[in-house]
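Some notes on the structure that comes next.
The values are calculated or read from the model by the stated rules, or taken from the named source; none is laboratory data. Quick caveat, the model's predicted, so the values are computed rather than measured. In this analysis, Cβ positions are derived from the backbone assuming ideal geometry, glycine residues included, and neighbour counts consider all displayed protein chains. Calculation scope for accessible area: heavy atoms of the full protein, side chains included, ligands and nucleic acids excluded. Shrake-Rupley method; radii C 1.70, N 1.55, O 1.52, S 1.80 Å.
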2 protein chains.
Amino acid sequence: MTAAGPLEIGARAGSARAGVLRLPHGEVRTPAFIPLASTATVKTLDASEVEALGYDMVLGNTFHLFLQPGADVIARLGGLHEFMGWRRPIITDSGGFQVFSMGHGSVADEIKRRRGDRESRILSIDEEGVRFRSYVDGSERFMGPETSMEVQAKLGSDVALAFDECTPFHSTRDYTARSMERTHRWLDRCLSWSAAHAPEGQLLFGIVQGGVYEDLRREAAGRVAASGADGVAVGGSLGQEKAQMREVVGWSLEGAPDDKPRHLLGIGDVDDLLAGVAMGIDAFDCATPTRLARHGTALVADPDQRWRLDLQKSAHAESRDPIAADCPCPACRDHTRGYLHYLARIGELTAARLITLHNLTFTAALMHGVRESILSGTFEAYSRGILEGGSPYQPHA
Amino acid sequence: MTAAGPLEIGARAGSARAGVLRLPHGEVRTPAFIPLASTATVKTLDASEVEALGYDMVLGNTFHLFLQPGADVIARLGGLHEFMGWRRPIITDSGGFQVFSMGHGSVADEIKRRRGDRESRILSIDEEGVRFRSYVDGSERFMGPETSMEVQAKLGSDVALAFDECTPFHSTRDYTARSMERTHRWLDRCLSWSAAHAPEGQLLFGIVQGGVYEDLRREAAGRVAASGADGVAVGGSLGQEKAQMREVVGWSLEGAPDDKPRHLLGIGDVDDLLAGVAMGIDAFDCATPTRLARHGTALVADPDQRWRLDLQKSAHAESRDPIAADCPCPACRDHTRGYLHYLARIGELTAARLITLHNLTFTAALMHGVRESILSGTFEAYSRGILEGGSPYQPHA
């Protein structure tokens, strides 16, 4: 159980692994769920609260922070950790997903202020990178592999992601193949930049793209594995159904170095987390728990409803039950579904906050159970129990 | 220092008094600032957090809760205390201010969803009460003295306020006089209803109106004092300038029974709180600390800026200072002005929450200092110190 690199694997269950990822700002217990702090905050929460919930790492968004307040401002304020008051590890995405989404159109909710003119935001895409208009002030901006790495260096994240193009589901095989090739060339440029300029200890993960095409995914997996990147991130469209998603993730991990961390981007449904862990994923980031919360939906142990409870439904208006009787979060400890229904329906910020606390408590409990069960050799039973509607909350000792 | 009624006055400093108001759900240390929980939540905070900040009482809004979720729903869910998870005292306003504001137009921000058709919302005003259209669903609703009392009974507040018309500053003397007379007739109806139907221990305060007219204020003060109401609330337009406001409050308190609590409605600026206390006010409610927070403005010990620090100003963009170095709140303990500036500028909920925590910490510290200084015989010096820019935070022992 020794570790050559930053990842120490403490136990395995089939392909699943549990361990510790050692980073400049501390240790991340894996498998880990990583809440989004896209705009330097896990929305509605203070950094100290995220830590108290049991999370070791958050994800900062290079694209949003590049535009506002700008990497230089954050650097002058001491880097992203200091800026947001979070002293534990941070992973930053590369900005590629958001930049390309402006053209591909799948990130509408993130740039909703000017949804109408989304089409005009990308000015050009070429080998160098992407020229686009800022959603903040309409100014012309540029981001390429070196820009992304430089921003991530200024932010001072523990883990940087290589700049990539995230192709949408409807892309042709031909477009996906050419895009993937460019993503690999960009990975090489990111690795070069990082070797010369990255802050001490900052890891760089390559991203496996290739859409839903088996041969492309296998090729990308091999290229990232061979690149010397510090870890493997699986990105892009993973298909429309869960079965296809798992197939795509499987191809994307083929040949991934066993001793390096593996990150699955943008996946956070309960069954997907369990499936990802079973396939050997060490970390996940996803907007789902926090975004659902802001729309009044709580995570509950109910597989038939995809683990979702829509508190805005009229059925909850006069319910005196908590979201979950065994959940230790403030929403469940002190409040009824009826109250949360009312707050969510009138759009009260208190609802967004309480349900965010609940959803992150639920997800933290789930991941704690995942880790503990791998370490104790009971992962398969734990996973089966959750998939059959078992509660993720640990009975108090 | 005995108490015939629920108010026990423990010490005095001129007209100022410090003591304890004993209510069905607990004790309120006076002089007290009462945060608004208009929609059954102190916006962005959980009830347990409001208690932890040192507040003994919150104010619920009869008008908003009457329309949504409705008094019957709240009653079936156990009353307002149980509904919102706040087990300490609650005062409810009567709804009069909001109902009449729909016509007078001074509550635009509270019904902003349909700002444009505000004029058409009041259908009729007569001796019985007010007929209006709900801002929630456009349905026709009615509120009069008995309706207001019945709603407040169903909410189960510790202190109810009599239904009144709050005349705006531009009202003529003639209109103000006739309105005041009706408010007094409504007070008698509220007292009758309360005597027959109010929940055990619920107090009923009368409201002194009369605009900025000395004779009307004096007359109203006498009528409320003689009415047998459990306390005196000063409402309505208090004038445009602080000097006038203090004059109006003075007239409104003339003849107020010494042993009954006095509440000043809707006033919360630092200098006004100190002036109100000096005139013998026991409790204040106001949107200012929480509303300012949601607009990015923090309360600070700076009389020249009316105790306001607009964090959205560019000057704070790269500041590494906290809002106040000696403030124990999470915003000040963990974060810089630069970070809060950024969060407020992009409209992050986290900013609203952190600054709300700060502003309520500031106000709680101020009121704690007010009470302690009255009890220790140093109120005048304390007040002078604050007015000269002194910090309200107590040095740690």
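General observations
- Whenever a residue of the range B:324-347 is touching a residue at least 40 places away in the same chain (Cβ under 8 Å) and farther than 21 Å from A:HIS81 by Cβ, its partners that are among the basic types (Lys, Arg) and not in a loop (DSSP other than H, G, I, E, B), lying with C-beta atoms within less than 8 angstrom and at least six residues away or across chains, give the pairs B:CYS327/B:ARG333.
- Residue check for A:GLY276: among the small types (Gly, Ala, Ser), in contact with an Asp or Glu (Cβ under 7 Å, 6 or more places away or on another chain) and buried (at least 21 other Cβ atoms within 10 Å of the Cβ): no
- The number of residues in the range B:99-148 that are open to solvent by less than 50 Å² (accessible area, probe 1.4 Å), within 22 Å of A:ARG345 (Cβ to Cβ), modelled with pLDDT of 90 or more and not in a strand (DSSP E or B) comes to 5.
- Output for the range A:304-323, where each listed residue is over 17 Å from B:PHE83 (Cα atoms) and open to solvent by 40 Å² or more (accessible area, probe 1.4 Å): A:ASP304, A:GLN305, A:ARG306, A:ARG308, A:ASP310, A:LYS313
Table: residues versus (1) within 14 Å of another protein chain (Cβ to nearest Cβ); (2) without any contact (Cβ under 8 Å) to a residue 60 or more places away in the chain.
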position	(1), (2)
B:VAL20	no, yes
B:PHE33	no, no
B:VAL42	yes, no
B:GLN98	no, yes
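- Within the range A:277-291, one or more residues are over 25 Å from A:PHE379 (Cα atoms) and within 14 Å of chain B (Cβ to nearest Cβ).
- Pairs, first closer than 18 Å to A:SER94 by Cβ in the range A:64-75, second not in a helix (DSSP H, G or I), C-beta under 6 Å, six or more apart: A:HIS64/A:SER38; A:HIS64/A:THR39; A:LEU67/A:SER134; A:LEU67/A:VAL136; A:GLN68/A:VAL136
- Check on A:GLY347, open to solvent by less than 30 Å² (accessible area, probe 1.4 Å), in a loop (DSSP other than H, G, I, E, B) and on the phi > 0 side of the Ramachandran plot: no
- Scanning the range B:33-84 for residues that are under 14 Å from B:THR356 (Cβ atoms) and of a type in the set (Asp, Glu) yields a count of 2.
- Enumeration of residues in the range A:233-273 that are open to solvent by less than 10 Å² (accessible area, probe 1.4 Å) and in a strand (DSSP E or B): A:ALA233, A:VAL234, A:HIS263, A:LEU264
- Scan of the range B:311-330 for residues that are closer than 19 Å to A:LEU349 by Cβ and away from chain A (no Cβ under 11 Å), ordered by number: B:LEU311, B:GLN312
- Screening the candidates B:SER15, B:SER48, B:SER38, B:SER101 for the property of being under 14 Å from the mean Cα position of the chain (by Cα), polar (S, T, N, Q) and farther than 23 Å from B:GLY201 by Cβ yields one hit, B:SER38.
- Of the criteria (1) in contact with a Leu (Cβ under 8 Å, 6 or more places away or on another chain); (2) open to solvent by less than 20 Å² (accessible area, probe 1.4 Å); (3) within 11 Å of another protein chain (Cβ to nearest Cβ), which one A:TYR342 fails: (1)
- The set of residues in the range A:281-296 that are outside any strand (DSSP E or B) and either touching a His at 6+ places or on another chain (Cβ under 9 Å) or not basic (Lys, Arg) (or both) comprises A:ILE281, A:ASP282, A:ALA287, A:THR288, A:PRO289, A:THR290, A:LEU292, A:ALA293, A:HIS295, A:GLY296.
- Listed conditions (1) more than 14 Å from chain A (Cβ to nearest Cβ); (2) of a type outside the set (Phe, Trp, Tyr); (3) open to solvent by 20 Å² or more (accessible area, probe 1.4 Å); (4) in a helix (DSSP H, G or I) are all met by B:ARG333, apart from (1).
- Qualifying residue in the range A:73-94 (condition: more than 23 Å from A:GLU200 (Cβ to Cβ), buried (at least 20 other Cβ atoms within 10 Å of the Cβ) and away from chain B (no Cβ under 13 Å)): no
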